[in-house]
Each structure stands twice: as structure tokens, then as C-alpha cells.
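Worksheet: the structure to be examined is printed underneath.
The values are calculated or read from the model by the stated rules, or taken from the named source; none is laboratory data. Because the structure is a prediction, the values reported are computed rather than measured. Please note: Cβ atoms are built from the backbone with ideal geometry, for glycine as well, and neighbour counts cover all protein chains shown.
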Amino acid sequence: MLAGFGGGIAGSVAGLASLVSYPALLAVGLPPVTANVSNTVALVFSSVGSVWGSHPELKGQRGQARHLGYIAVGGGISGGVLLLATPSGEFALIVPWLIGLASLGILVPRRPAREHPSGLAAGASRPPTVGVTVGVFAIAVYGGYFGAGAGVLLLALLLISSDEPLARSNALKNLLLGLANGVAAVAFVAFGPVRWSAAIPLAAGFLVGGRLGPIVVRRAPARPLRAVVACAGLGLAVHLALDAYA
């Protein structure tokens, strides 16, 4: 539950819920694929909490959310199928690279968003471009497959491709990742090795942490937090790589 609470806040703020929750599942003895499947199922509740707390920031984004939501669902299904078809041993070798790349994604410079006087909006919402659509699909595939750092990549894409402020882009990111994780979770519940004794308390923590995350985004500077989590993520990637390739 504590890992879920911390992961829910980290996911809402920086898109790195799995960098907190996934190591916790490994630490209690779950195999890599079982840990990832259980984590993805529990992550649905982080998204529920985050979207619940982001209603002000989501106002005026219905068109973007509807178009990109379908894309995220398709990517999440593809990623979930890919994970179920990947042998456990091979997955353990892939994990460090995914976490390392996701952590480096936090440090990518982003164009400052133009803040609206209300702090919630910045200009008219434009239809997503082909590049944004393809990018959302690719990140959703990754999110359904593993998920660690997918929020960081998606947030960077949304910020670079629009003039929306951080809070609004972050709210849309949480919604889209929630859809991608949700469809992947359905497949995992039906066909994957979910460890419910770990997934249920993790989900409870995710719900509370995810609900508080949008409040943190509104009030706290995100840059120092991104730097700390990036360093922690890179350290985790090195540790898992040493274990996997030893």
C-alpha cells in the first residue's frame, strides 16, 4: 500500500509510478512478468485517482481526449498482447533498458508552456497532428507492455506539441495512460498471472496517491522532483541490469 501511495503521487506528477511500485513487487518475491502484470492491473486505480483530481485541467480538452483516447486504447491492447507473448527470461533482460530510457526521458528539455491567466488553459485546442497520433500510439504500446516512464514520454510529447501549461498536459497524459493501462489490464486479468495478494493493496495505495498527485502538480515545482526520480530510475536500471546479465 505504501509503494502504491508513493507510486500514485510519482505517476501523477512525473509519470513514474512503476519506478516505485515495480521494484516493490520484485522485492516481495514476484517474478518479473508476474510483477509487471500485477502492477499494470493495479495502475488502473492510479489513473482513476489522477483523473478524479484533474477535472479542472481537463475542461476544454474533450476533442483531444476523444481522438487520442482511441489511439491509446489500440496501443494498450497491442502492448498487452506483446507482453503476454514475451518469455519471462527475455523480459528480465529488456526491463533495465526500458527503465533506463524512461529515466533519461525525464531530463529531455521541454519548451516552457504559455500559461493562461487562469492557470488552466493556453489558447484554443487544436486537433492532434499525425506525428502526435503516432507518438501516442507508440507510447501506449510501451505503456501496455511495461509502463515504467511511459508517462514521462507522453507528457514530453504533449508539451512539445502544444502550448498547453504543464497542469493541463499532465491531466491529459493521466487520462490517456489510464485508458492504455485499462485495456491491457483487462487482458492480463483474463490471461495473465496476476498476483491478487499484491495487486489489491497496491491498487488501494495507487488510488489515494493518484488522487493527491494533481494537487502536487498545481502547487509544487516539478523540475527538482524530475531530477531526483531520474537519478533513482537510472540507479534502479543499473541494479536490475547487473542482476539480469550477471
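Structure data summary
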| item | result |
| --- | --- |
| Helices (runs of 4 or more DSSP H) lying entirely in segment 120-220 (those with 1 or more residues that are among the polar types (S, T, N, Q)) | 130-145, 166-191, 196-219 |
| Members of segment 36-59 found to be farther than 14 Å from residue 189 by Cα, small (Gly, Ala, Ser) and crowded, with 24+ Cβ neighbours inside 10 Å, listed by number | 46, 47, 49, 50, 54 |
| Index of the failed condition, residue 199 passing every other in (1) farther than 28 Å from residue 159 by Cα; (2) at pLDDT 90 or above; (3) surrounded by fewer than 21 Cβ atoms within 10 Å (Cβ to Cβ) | (3) |
| Of residues in segment 74-83 being among the aliphatic types (A, V, I, L, M) and at pLDDT 80 or above, the one surrounded by the most Cβ atoms within 10 Å (Cβ to Cβ) | 77 |
| Residue, nearest to residue 236 (Cα to Cα), within segment 2-25, restricted to residues that are surrounded by fewer than 24 Cβ atoms within 10 Å (Cβ to Cβ) and either without any contact (Cβ under 8 Å) to a residue 40 or more places away in the chain or not hydrophobic (A, V, I, L, M, F, W, C) (or both) | 23 |
| Criterion: within 17 Å of the chain's Cα centre (by Cα) and modelled with pLDDT under 80 - qualifying residue of 213, 233 | 233 |
| Breaking point among (1) among the polar types (S, T, N, Q); (2) at pLDDT 85 or above; (3) surrounded by fewer than 24 Cβ atoms within 10 Å (Cβ to Cβ), for residue 86 | (2) |
| Condition met for residue 161 (surrounded by fewer than 24 Cβ atoms within 10 Å (Cβ to Cβ), in contact with a Ser or Thr (Cβ under 9 Å, 6 or more places away or on another chain) and hydroxyl-bearing (Ser, Thr, Tyr)) | yes |
| Neighbours by Cβ (under 6 Å, 6+ apart or cross-chain): first from segment 149-164, in contact (Cβ under 8 Å) with a residue 60 or more places away in the chain; second in a helix (DSSP H, G or I) and among the charged types (D, E, K, R) | 151/173; 154/173; 155/173 |
